[in-house]
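Remarks on the structure that follows.
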Amino acid sequence: MSETNVTIYTTEWCPFCQRLIKALNRTETPYTRVDVEADAEAAAWVESVNDGNRVVPTVKYSDGSYATNPAASEVRRKLEELAG
């Protein structure tokens, strides 16, 4: 897979973000990580899909769908679906 099909919106201090990133790294799952505290546009998007709340991790897929605080297995399953 040459292109990353998932963007993960995170913060540095979030334990749920750290757990998801660690699990994805363990299986070498490709992703792009965006820190919502350093990117106001990203923070606004996260808030727009979470009822005005900046909930992280929020994951955005290449098909436009998204998930809030998904398990790594859900992210991998969705990536397989998108690649298929």
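Every number here is computed from the coordinates shown, using simple stated rules; none is lab data. Just so it is clear, the structure is predicted and the values come from calculations on it, not from any experiment. Don't worry about glycine lacking a Cβ; one is built from the backbone with ideal geometry, like all the others, and counts go over all protein chains shown.
Classify the chain: rounded, prolate or oblate, from the alpha-carbon gyration tensor (a ≥ b ≥ c, eigenvalue square roots; a/c under 1.5 rounded; otherwise prolate if a/b is larger than b/c)?
In terms of gyration-tensor shape, prolate.
Give me the percent relative contact order of the chain, please, defined on Cα pairs under 8 angstrom at least 6 residues apart.
With pairs under 8 Å counted, the relative contact order is 35 percent.
Quick one: helix 40-49 against the long Cα principal axis of the chain, what's the angle to the nearest 10°, folded into 0 to 90?
Tilt relative to the chain: about 80 degrees.
Considering only Thr7, Cys17, Val49, whose Cα is most displaced toward the positive end of the charge dipole of the chain, charges sitting on Cβ of Lys, Arg (+1) and Asp, Glu (-1)?
Checking the options against the dipole of the chain, the answer is Cys17.
Nearest 500 deg cm²/dmol is fine: what mean residue ellipticity at 222 nm does the chain get from its DSSP H runs of n ≥ 4 alone, each adding -39,500 (n - 2.57), divided by its residue count? Mind showing how you got there, number by number?
Working: 3 runs with 34 residues, N = 84.
Theoretical 222 nm ellipticity from helices: -12500 deg cm²/dmol.
Mind checking the dipole of the range 6-79: about its Cα centre, +1 per Lys or Arg Cβ, -1 per Asp or Glu Cβ, Debye to the nearest 20?
On the way: 9 positive and 10 negative charges, 94 e Å.
In debye, rounded to 20, the range 6-79 gives about 460.
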